Amino acid sequence: MFSPALTTISKSKDPLRIAVMASGKGSNFATLLKCTEKNIINAKVCALITNNSDSGAFKIAKDNQIRTYLLNHKNYNTREELDYKIIENLSKYSLDLILMAGWMRIVTNILIDKYKNRIINIHPSLLPSFKGFDAIQQALDAKVKITGCTYHIVVPDVDSGKILAQAAVPINSIDNHHSLKERIQAAEHKLLPYAISIAGNAIREG
């Protein structure tokens with residue numbers, strides 16, 4: 001598995017201002033916070049958007065005094081309505097990047113156009129293989145020998161945006177969904193500062 005040396009992570013003068021969107025246990029969210037605390041990347045996590053008050057991400061944000069917006073998607077009539085509310089909350093922070101770290105909702109052009117080329121998604125496969133729902137099971141069903149994870153820019157077509165960084169993870173003969181997911185998530189954590197650095201540099205230079 002590729003693991004970039006930390007010396008490859010550039011540090012700009014001003015910290016990147018990042019918001020996180022998460023629905024699940026928040027392991028990548030926690031990794032991002034650790035990377036900022038240890039100055040592996042020069043960034044500030046400004047806010048969390050979550051649609052699940054039972055998520056690990058929600059608890060991590062509270063424990064770390066991160067401003068949190070709980071937006072239950074069931075309270076909105078359309079995806080567009082939810083995206084407008086997300087923008088309303090995030091517009092306070094002059095964000096450089098948004099990291100979708102286990103955000104389990106499809107976003108619309110409303111949000112994508114507002115933060116064009118600034119929204120990063122983490123997908124548990126080597127895109128363009130196994131797009132969409134449950135990529136881990138897709139890889140197991142296909143009986144491929146290698147899968148992995150991808151950090152990519154969010155565009156209207158699901159899991160089709162510019163690839164920022166990837167890491168390969170071999171599939172063992174004894175792997176099941178749980179064991180493979182754990183190894184893919186470990187790869188995601190190692191790759192996270194590298195992917196954030198690439199995206200941040202592109203924004204600062206562009």
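Please treat every number below as a calculation from the coordinates, not as lab data. Since the model is a prediction, treat every value here as computed from it, not as a measurement. No Cβ is skipped: glycine too gets one built from the backbone with ideal geometry, and neighbour counts run over all protein chains shown.
Mind listing which chymotrypsin sites (Phe, Trp or Tyr not before Pro) in segment 132-206 are in a DSSP loop and have 14 or fewer other Cβ atoms within 10 Å? If you can, show how the numbers build up before the last one.
On the way: sites: Phe133, Tyr151, Tyr194; in loops: Phe133.
Of the chymotrypsin sites (Phe, Trp or Tyr not before Pro), the ones in loops of segment 132-206 whose Cβ has at most 14 other Cβ atoms within 10 Å are Phe133.
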Seminar exercise, completed: Under a Gaussian network model of the chain whose springs join Cα atoms within less than 10 Å, the largest fluctuation of Gln65, Gln138, Gln185 belongs to Gln65
Exercise. Among His73, His177, His189, which comes first, then next, by fewest other beta-carbon atoms within 10 Å?
Worked result: His177, His73, His189
Problem set entry | Ranked list, fewest to most other Cβ atoms within 10 Å of each Cβ, for Cys46, Cys149 | Cys46, Cys149
For this session: For segment 27-87, run through the trypsin sites (Lys or Arg not before Pro) and keep only the ones in DSSP coil with at most 15 other Cβ atoms within 10 Å of their Cβ.
Result: Lys38
Problem set entry | Considering only segment 1-151, percent of DSSP beta bridges that pair antiparallel, nearest 5 | 10
Seminar exercise, completed: With a ≥ b ≥ c from the Cα gyration tensor eigenvalues, square-rooted, and the rule rounded for a/c under 1.5, otherwise prolate when a/b > b/c and oblate otherwise, segment 113-185 is prolate
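Quick one: length gained pulling Lys44 to Asp157 fully straight, 0.36 nm per residue minus the C-alpha distance? Don't skip to the answer; put the middle values down first.
On the way: separation 113, 0.36 × 113 = 40.68 nm, distance 2.89 nm.
Result: 37.8 nm gained on full extension.
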Seminar exercise, completed: With bins of 10 Å, the percent of all Cα-Cα pairs of the chain per bin from 0 is 9, 36, 38, 16, 2
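Please go through the residue pairs Lys114/Lys162; Lys34/Lys181; Lys34/Lys62; Lys25/Lys145; Lys92/Lys114 and name each one whose alpha carbons sit more than 19 Å apart in this structure.
On the way: Lys114/Lys162 17 Å; Lys34/Lys181 21 Å; Lys34/Lys62 15 Å; Lys25/Lys145 27 Å; Lys92/Lys114 13 Å.
Pairs exceeding the cut-off: Lys34/Lys181; Lys25/Lys145.
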